[in-house]
1. Could you grab me the full set of residues in segment 152-170 that are surrounded by 14 or more Cβ atoms within 10 Å (Cβ to Cβ) and not in a helix (DSSP H, G or I)?
2. If you scan segment 9-61, which residues turn out to be in a loop (DSSP other than H, G, I, E, B), among the hydrophobic types (A, V, I, L, M, F, W, C) and open to solvent by 40 Å² or more (accessible area, probe 1.4 Å)?
3. Is it true that Ala73 is at pLDDT 95 or above, open to solvent by less than 30 Å² (accessible area, probe 1.4 Å) and either part of a strand (DSSP E or B) or not aromatic (Phe, Trp, Tyr) (or both)?
4. For segment 67-76, give me the residue count where each residue is of a type in the set (Lys, Arg), out of contact with any strand residue (DSSP E or B) (no Cβ under 6 Å at 6 or more places or on another chain) and touching a residue at least 12 places away in the same chain (Cβ under 8 Å).
5. Quick check on this structure: which one of Gly90, Gly104, Gly130, Gly79 is closer than 28 Å to Ile38 by Cα, within 15 Å of the chain's Cα centre (by Cα), open to solvent by 20 Å² or more (accessible area, probe 1.4 Å) and small (Gly, Ala, Ser)?
Amino acid sequence: VNVGRALSADDFAIAAVPGRETMKAALLRPFHWDDSFIETELPVTGGHVQRDTARNITKFAVVDRYSGKGRVAKMFWLGCGPATPDTAVGCTVAHDQHNIWVAGSSDAAMALVVNRIARNQGGWALASGGEILADVRYEIGGLMTCRPAQDLDAEMEKLYRAAEGIEWLY
């Protein structure tokens with residue numbers, strides 16, 4: 001896993017056109033196979049387009065884990081991700097390229113998750129309130145582990161338990 005640098009909240013911000021109070025945004029939702037986008041107006045604060053968890057809109061990003069250039073593609077998602085404030089979850093298992101994906105209710109939480117996953121050389125991470133609640137290491141290519149199955153199971157169970165304390169958008 002070669003992100004190349006530590007990411008910050010700014011890497012996940014979506015800039016608005018200067019002077020705007022709202023921006024039209026394209027939304028995706030999981031399993032959206034149509035070639036048209038859902039569109040909505042989202043608020044702008046501090047020059048950045050914001051999520052709207054009251055309408056089940058959060059942010060999703062894909063981070064290039066191969067080039068070492070720290071590239072981040074970001075978008076808004078409908079009906080998926082954490083509603084709990086300052087929370088994010090991410091993983092390196094993602095068809096086709098297995099880049100790092102992350103969904104979050106704050107840009108800072110998204111950066112925290114991606115940085116933990118990169119440090120672990122792959123796997124899962126869940127963060128809330130400025131701290132990592134759980135992580136699962138997939139240190140072989142970001143997809144597998146050579147550790148005993150019981151160790152992996154214990155990490156996954158900790159992740160599941162931590163996720164039960166998060167409010168999720170559905």
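1. Hits for segment 152-170 are Ile166, Trp168, Leu169.
2. Val17, Phe31, Trp33, Phe37
3. Spelling it out, it is not the case that Ala73 is at pLDDT 95 or above, open to solvent by less than 30 Å² (accessible area, probe 1.4 Å) and either part of a strand (DSSP E or B) or not aromatic (Phe, Trp, Tyr) (or both).
4. 1
5. Result of the check over Gly90, Gly104, Gly130, Gly79: Gly79.
One line per residue, one yes/no per condition, for (1) touching a strand residue (DSSP E or B) at 6+ places or on another chain (Cβ under 9 Å); (2) at pLDDT 95 or above:
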| residue | (1), (2) |
| --- | --- |
| Ala15 | yes, yes |
| Asp34 | no, no |
| Glu41 | yes, yes |
| Arg51 | yes, yes |
| Ala54 | no, no |
| Val62 | yes, yes |
| Arg65 | yes, no |
| Leu78 | yes, no |
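The values are calculated or read from the model by the stated rules, or taken from the named source; none is laboratory data. All figures in this text were calculated on a predicted structure; none of them were measured in a lab. With ideal geometry, Cβ positions are generated from the backbone for all residues, glycine too; neighbour counts draw on all protein chains shown. Protein only, heavy atoms only, side chains kept; ligands, DNA and RNA dropped before computing areas. Shrake-Rupley method; radii C 1.70, N 1.55, O 1.52, S 1.80 Å.
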